[in-house]
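The values are calculated or read from the model by the stated rules, or taken from the named source; none is laboratory data. This structure is a prediction, so every number in the text was calculated from the model and none was measured. Here the Cβ positions follow ideal geometry from the backbone for every residue, glycine too, while neighbour counts run over all protein chains shown. Ligands, DNA and RNA are stripped out before the accessible areas are found, and what is left, the full protein with its side chains, is counted by its heavy atoms. Shrake-Rupley method; radii C 1.70, N 1.55, O 1.52, S 1.80 Å.
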Amino acid sequence: MYDYYLGGKDHFQVDRDAAEKILRDVPELFQTAQENRAFLRRAVRVLARSGIDQFIDIGTGLPTEGNVHEIAQAIRPGSRVVYVDNDPVVLTHARALLVDERSTTVIQADAREPDDILGQIRALRLIDFDRPVAVLFCAILHFVSDDEDPASIVRRFRAAMAPGSHLVIAHGTRSAGGRAVGTMTDAYRKATASVHLRDPERIESFFEGFELLPPGAVHLPWWRPDPGADLERATRWHFGGVGRLKE
Ligand SMILES: C[S@@+](CC[C@H](N)C(=O)[O-])C[C@H]1O[C@@H](n2cnc3c(N)ncnc32)[C@H](O)[C@@H]1O
């Protein structure tokens, strides 16, 4: 569905039908996906410029324009990236398009099993956990229910991160309110993962142990917008930011 929102070509009729149903109540659906993806690109750019050259991208999604390794390596050639997703379709496409044995790879794993992810990544020896790393949870923690405890997943990664490491979170919110939130939640009940939209305060709490980079945790279009960004038209469907591990 997300690939369809982003204008990709790797989606099925069932994805398009579900998206069209959401669109009736959420006409800004495609825009929200673009806003999320644009935030991810800005965050990776900022981190690469600040010296980060190792990235773990959890809930990668299908390859799209401006994948993490492309952005990072354009600024820091040789940057290492591990992509993590549990969807076999994503894995097939990612293996075909993203893998470059020296710097970039993809593993199949479930975000709800951080120890498995960390174990698989350590075995690859691509990421040096003694050096700063950026861990990205972009549009993925809202597929983790309260019972599955998203905060504890982030904490597990935090414990493995060296000083100077960063956390990037983009998460769906209920800020849009009303019927649109119900429509979105209902549509994902029938998808591969149900969606759990959360309040901004709750999302910000996932940064515990991290110091937020300016401007803090905000609705994503307001996170260091590109010059000329049209914030009058921006939506409040995604919230998040970038945090630096407290020392
Ligand atoms: C909305 S896409 C986000 C893609 C990308 N991170 C972005 O922000 O543009 C969500 C991705 O998370 C993956 N996903 C959902 N639940 C997951 C889980 N429990 N473990 C790993 N990946 C998951 C889906 O397969 C999908 O590729």
Residue by residue through region 165-174, the couplings from Karplus 6.51 cos²θ - 1.76 cosθ + 1.60 with θ = phi - 60°, in Hz, x for Gly and Pro, are 6, 10, 10, 10, 10, 10, 9, x, 10, 9
Take the Cβ-Cβ distance between VAL89 and ARG16 as r, set R0 to 22 Å, and report the resulting FRET efficiency rounded to the nearest 0.05. 0.90
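Which number comes out as Rg/Rh for the chain once both Rg and the Kirkwood Rh are worked out on C-alpha atoms?
On the way: Rg = 16.9 Å, Rh = 18.1 Å.
Ratio of gyration radius to Kirkwood radius for the chain: 0.93.
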Quick one: which residues, 5+ away or cross-chain, put their amide H under 5 Å from the amide H of CYS138? H built at 1.01 Å from N. ILE58, ALA170
Amide H neighbours of ALA162 under 5 Å, at least 5 residues apart or on other chains, H built in the peptide plane: list them. VAL133
Could you give the accessible area per residue of region 7-136, probe 1.4 Å, as a whole number in Å²? 47
Extending each Cα 7 Å along its Cβ direction at THR192 and ALA229, get the distance between those two points in nm, one decimal. 2.9
Calculate the spin-label point distance for ARG125 paired with GLU148, positioning each point 7 Å from the Cα along the beta-carbon direction, and give it in nanometres. 3.3
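Return the carbon/sulfur percentage of the accessible area of the chain, one whole number, probe 1.4 Å, all protein chains in place.
On the way: 5500 of 11510 Å².
Carbon with sulfur: 48 percent of the solvent-accessible area.
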So, counting K/R as plus one and D/E as minus one, what does the shell of residues with Cβ under 10 Å around VAL81 add up to? -3
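Are there trypsin sites (Lys or Arg not before Pro) in region 85-117 that DSSP marks as loop and that have at most 13 other Cβ atoms within 10 Å, and which are they?
Values: sites: ARG95, ARG102, ARG112; in loops: ARG102, ARG112.
Loop-located and lightly packed - ARG102.
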Need the full-extension length gain, GLU113 to GLU70, defined as separation in residues times 0.36 nm minus the C-alpha distance. One decimal, nm. 12.8 nm
Using amide H atoms built in the peptide plane, which far-off residues or other-chain residues are under 5 Å from THR104 H to H? VAL81
